[in-house]
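Since the structure comes first, as structure tokens, the remarks are kept for the end.
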């Protein structure tokens, strides 16, 4: 499991990630998430299980709850691939 996180468009080590006390979710508990699994294949490559579906569902959940997402589908899709590579 990677200890690298994607925050505000940057890849950061776990120890450099913090939650702002002004974060809406911190105060009111409103948020959306997707649990995405990745697996290392026998050849050493990493496969992300149903990444397309997870990314679409995340954006749809945000839309339904009225959460504005500052990244589009392609940005989120690519970021997940990069986090797994790091």
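Read-outs: derived from the displayed coordinates by stated rules, not from any lab. Model, not experiment: these values are computed from the prediction.
Which of rounded, prolate, oblate describes region 40-86, given a ≥ b ≥ c as roots of the alpha-carbon gyration tensor eigenvalues and a/c under 1.5 marking rounded, otherwise prolate only if a/b is larger than b/c?
Note, shape of region 40-86 comes out prolate.
Could you give the angle, 0 to 90 degrees to the nearest 10, between helix 51-65's Cα long axis and the longest principal axis of the Cα atoms of the chain?
Result, in degrees: 0.
Would you compute, from DSSP H runs of 4+ residues alone, the mean residue ellipticity of the chain at 222 nm, taking -39500 (n - 2.57) per run and dividing by the full residue count, rounded to the nearest 500?
-11500 deg cm²/dmol
Between 0 and 90 degrees, rounded to the nearest ten: what's the tilt of helix 73-85 against the longest Cα principal axis of the chain?
Compared with the principal axis, the helix lies near 50 degrees.
By how many nm would the segment from residue 5 to residue 50 grow when fully extended, if each residue of separation counts as 0.36 nm and the alpha-carbon distance is taken off?
14.2 nm
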